[in-house]
Amino acid sequence: MSDRHELAGTSGKRTSPITFYRQVIAELRKVVWPTRPQVINYFWVVLVFVLVMMAIVAGLDYGFGQLSFKVFA
């Protein structure tokens, strides 16, 4: 048996698909799901962040493009 199995505490047996499915369902019941207002708030935060990053990248692209035209023209 390898050290990895000893550290993980597994004996090398495979779990049946039914047991695996039951364990997955049990773990999903432990998850604290976000509320609808939290999801909406996260959506806006991510949207604003992506738009800001797009503006930064577009500005850098435009700036470097203008710079390359001035250097090579």
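Derivation of every value follows stated rules applied to the coordinates shown; laboratory data play no part. The structure displayed is predicted, hence computed values, not measured ones. Don't worry about glycine lacking a Cβ; one is built from the backbone with ideal geometry, like all the others, and counts go over all protein chains shown.
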Does region 51-67 contain at least one residue that is of a type in the set (Phe, Trp, Tyr) and within 20 Å of the chain's Cα centre (by Cα)? no
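This table checks each residue for (1) polar (S, T, N, Q); (2) surrounded by 10 or more Cβ atoms within 10 Å (Cβ to Cβ); (3) in a helix (DSSP H, G or I).
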| site | (1), (2), (3) |
| --- | --- |
| ARG29 | no, no, yes |
| PRO37 | no, no, yes |
| MET53 | no, yes, yes |
| GLN66 | yes, yes, yes |
| PHE69 | no, no, yes |
